[in-house]
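The values are calculated or read from the model by the stated rules, or taken from the named source; none is laboratory data. Just so we're clear, the structure is a prediction, and the values are computed from it rather than from any experiment. Quick reminder, even Gly has a Cβ in these numbers, built from the backbone with ideal geometry, and neighbours come from all protein chains shown.
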Amino acid sequence: MYSTEQSFTQEEMKYLKLLANQYKNINSAATEVMNLKAILNLPKGTEHFVSDIHGEAESFSHVLRNASGVIKNHISAIFGASLLESEKKALATLIYYPEKKLEMMTEQDEDLNDWYKITLHRLVRICKVVSSKYTRSKVRKALPKEFTYIIEELLHEDSISRDKEMYYNEIIRTIIDLDQADRFIIALANLIQRLAIDQLHVIGDIYDRGPNAAAIMDILAQYHSVDIQWGNHDIAWMGAAAGCQALICNVLRIQTRYANLDTIEEDYGINLIPLATFAMEKYANDPCTQFAPKGTEELNDKDFNMIAKMHKAISVLQWKMEAQIIKRHPEFKMENRLLLDKINFEKGTIQIEGKEYQMNDMNFPTIDVKDPYKLTADEQFVMDKIKSSFINSQKLQEHTRVLYSKGSMYTIFNSNLLFHGGIPMNEDGTIKTVRFRGKKYSGKEYLDEVERTVREGYFSKPHSENKRECMDIIWYLWCGEDSPLFGKKKMTTFERYFIDDKTTHKEVSNPYYSLRNEESVCKMVLSAFGLDPDTSHIINGHVPVKVSKGESPIKANGRLFVIDGGFAKAYQKVTGIAGYTLIYNSHGLVLVSHEPFVSKEVAIVQEKDILSSTVALQYTQDRIRVRDTDIGKKLLESIEELEKLLYTYKNGLIKEQ
Ligand SMILES: O=P(O)(O)OC[C@H]1O[C@](O)(COP(=O)(O)O)[C@@H](O)[C@@H]1O
Ligand SMILES: [Mn+2]
């Protein structure tokens, strides 16, 4: 509170007068202070962290539906021993997949009235618990329009008096009598899912490898509250959508490598006929063995062969387009990635960093030995066509804008520092100073500057020199040594296709990836981002945690978590599990590991959840309240301003309106 000597600067008075327009008198300012103080005491909302989804929309959607175990925990806490395990499972599945589960119930052809009654009662009980963390107004905003009134009545009924209980039962009976039970159950199930998670964090790599990145983007686009930290694969798509040709080739190369042409053609409406025709003609008699697509049990021979040819054609085009960027930017120091001119076309070998290697394939019909990076007229035609399709794909551009508006290089949220890859560091454990666009930056400033450039690359004037420059930098972020999103000495794509000697495939990681095991290093990074090193955490994705080899996702004495456990099916052999997610609720942090997701059908029919285990990391006795969160800090500031306003009213400095 403020003493009578309290005086305000002119600036403050100006601000308080503006505030007085919103809170016109003592009563309204006082009411707001009381409301805000009440919010401060609510338990902190639940945060959900996922990473490296890599196109696996079905597993991702399942993990969102079960909120990494949050819903199951609510069911157990509410019903305890009063329900059989099988009943709890059935209830959980109903909440995750209400439409499908109801369809199955109706097929059973029994009288469902009792089931409806019991189920509706149970769902309302769960709704009461999940909504108790929020203000009434926030819950109201989440309610489905058509049932707002009834749900509010049910949520706030306390069954103390018999009258009330009768009223409550009456509502439920009416819902059933009017054949509205299905609709109502679906609405309640969705509401529970919606309220179970307050904030979703996606720590990068939504795209590539898996079949359905576009579906994931659709889910994220309409999710109630999400932030995204860009991954190297996302940035590649963002650059491609901006029109960077080298990245367009890269994303097409990966789509053909994993035989995911549907994402390109069906989801994004990008016409691949020019590439297919070109590839079929140029590689007519080439089996393109090294370019056989992966995970293709369902493909017929004809498609398989065509995709392999497209894969090779676009890869060669990629190396040509990349060479143009590398030559434009000596400061990228990527000349060692110029490999087409190191091929000895007579001997069938290649010279890399002073050593000669055997090439396993020497059929390069589009490469002019004298000028290996020059595009043939046909290649230029294909490139132009594809580029125009990327730029003009409405859906791709929509999704890219979601990545821009909800995404960033890093996010600081409730004392956690979230980023996909790493902070470039030196061997000695110091943060590396990087020359970027002519100036020197390190750590947070470097990431901020990179982020600004990524935005410029997409939003600045089409066809301008500046846009091209920024798009080149976006390409660098995909595969450059000092890219915080990539962070390896080089990306050995060419070597992986053409050289059998595996020593050439090695991609050496930046020292960050081993240094982050040390608590002191993580604390230093946290401090560099303005966070309290003793209570904050770093959360990363990007590098699959090799659980089967005994690696732990918890590093640096609990200061850092890596939650890339392998949503990507192609990587589950390496990790041994199907992904980690993290939950941060009002009790603390919980790490959840997942088993491979078989299919939606199995999840529903067998009522199979894929949670394999949960580890409570840092659990507090006292519940974490909104006052302890970032939002809480903002609310405390607002309360302080309102108290100043109250003071001005009470001391005649500002008139009530
Ligand atoms: O396993 P794939 O699809 O062949 O991709 C390998 C490439 O992917 C990368 O690992 C980058 O992808 P991630 O960000 O998923 O690790 C490169 O370093 C590597 O060259
Ligand atoms: Mn990655």
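Only one entry of G632, G579 meets the criterion of being under 25 Å from the mean Cα position of the chain (by Cα) and either closer than 30 Å to M34 by Cβ or modelled with pLDDT of 90 or more (or both), and that entry is G632.
Can you spot a residue in segment 270-281 that is within 16 Å of ligand 1 (Cβ to nearest atom), over 19 Å from I367 (Cβ atoms), of a type outside the set (F, W, Y) and surrounded by fewer than 21 Cβ atoms within 10 Å (Cβ to Cβ)? No: segment 270-281 contains no residue that is within 16 Å of ligand 1 (Cβ to nearest atom), over 19 Å from I367 (Cβ atoms), of a type outside the set (F, W, Y) and surrounded by fewer than 21 Cβ atoms within 10 Å (Cβ to Cβ). If you go through segment 504-515 and keep only what is out of contact with any helix residue (DSSP H, G or I) (no Cβ under 6 Å at 6 or more places or on another chain) and not aliphatic (A, V, I, L, M), you end up with K506, E507, S509, N510, P511, Y512, Y513, S514. Given the structure, is H54 within 30 Å of G204 (Cβ to Cβ), in contact (Cβ under 8 Å) with a residue 60 or more places away in the chain and in a loop (DSSP other than H, G, I, E, B)? Against the criterion (within 30 Å of G204 (Cβ to Cβ), in contact (Cβ under 8 Å) with a residue 60 or more places away in the chain and in a loop (DSSP other than H, G, I, E, B)), H54 qualifies. In segment 7-21, the residues that are not assigned by TED's automatic domain parsing to the domain that holds Q657 never reach a residue that is assigned to a helix (DSSP H, G or I) and exposed (fewer than 14 other Cβ atoms within 10 Å of the Cβ) with C-beta atoms less than 8 angstrom apart, at least six apart or across chains. Among the residues that make up segment 125-136, is at least one of them over 30 Å from E32 (Cα atoms), outside the structural domain of L36 (by TED's automatic domain parsing), in contact (Cβ under 8 Å) with a residue 40 or more places away in the chain and among the hydrophobic types (A, V, I, L, M, F, W, C)? No, every residue in segment 125-136 fails to be over 30 Å from E32 (Cα atoms), outside the structural domain of L36 (by TED's automatic domain parsing), in contact (Cβ under 8 Å) with a residue 40 or more places away in the chain and among the hydrophobic types (A, V, I, L, M, F, W, C).
A quick yes/no check of all residues on (1) polar (S, T, N, Q); (2) within 14 Å of ligand 2 (Cβ to nearest atom); (3) at pLDDT below 95:
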site: M217; (1), (2), (3): no, no, no
site: Q222; (1), (2), (3): yes, no, no
site: D234; (1), (2), (3): no, yes, no
site: A242; (1), (2), (3): no, no, no
site: I254; (1), (2), (3): no, yes, no
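For segment 613-627, a residue qualifies if it is touching a strand residue (DSSP E or B) at 6+ places or on another chain (Cβ under 6 Å) and either hydrophobic (A, V, I, L, M, F, W, C) or loosely packed, with under 13 Cβ neighbours inside 10 Å (or both), and the qualifying residues are S613, V615, A616, L617, Q618, Y619, T620.
Residues in segment 214-245 that are within 13 Å of ligand 1 (Cβ to nearest atom) and not polar (S, T, N, Q): W230, G231, H233, D234, I235, A236, W237. Of the residues V615, V543, V592, the single one that is in a loop (DSSP other than H, G, I, E, B) and either touching a residue at least 12 places away in the same chain (Cβ under 8 Å) or of a type in the set (F, W, Y) (or both) is V543. When segment 331-351 is filtered for residues that are surrounded by 17 or more Cβ atoms within 10 Å (Cβ to Cβ) and either touching a Pro at 6+ places or on another chain (Cβ under 8 Å) or closer than 30 Å to R435 by Cα (or both), the ones remaining, listed by number, are F332, M334, R337, L339, L340, I343. Across segment 228-269, which residue is surrounded by the fewest Cβ atoms within 10 Å (Cβ to Cβ) among those that are among the aromatic types (F, W, Y) and in contact with a Lys or Arg (Cβ under 9 Å, 6 or more places away or on another chain)? Going through the qualifying residues, I end up with Y268.
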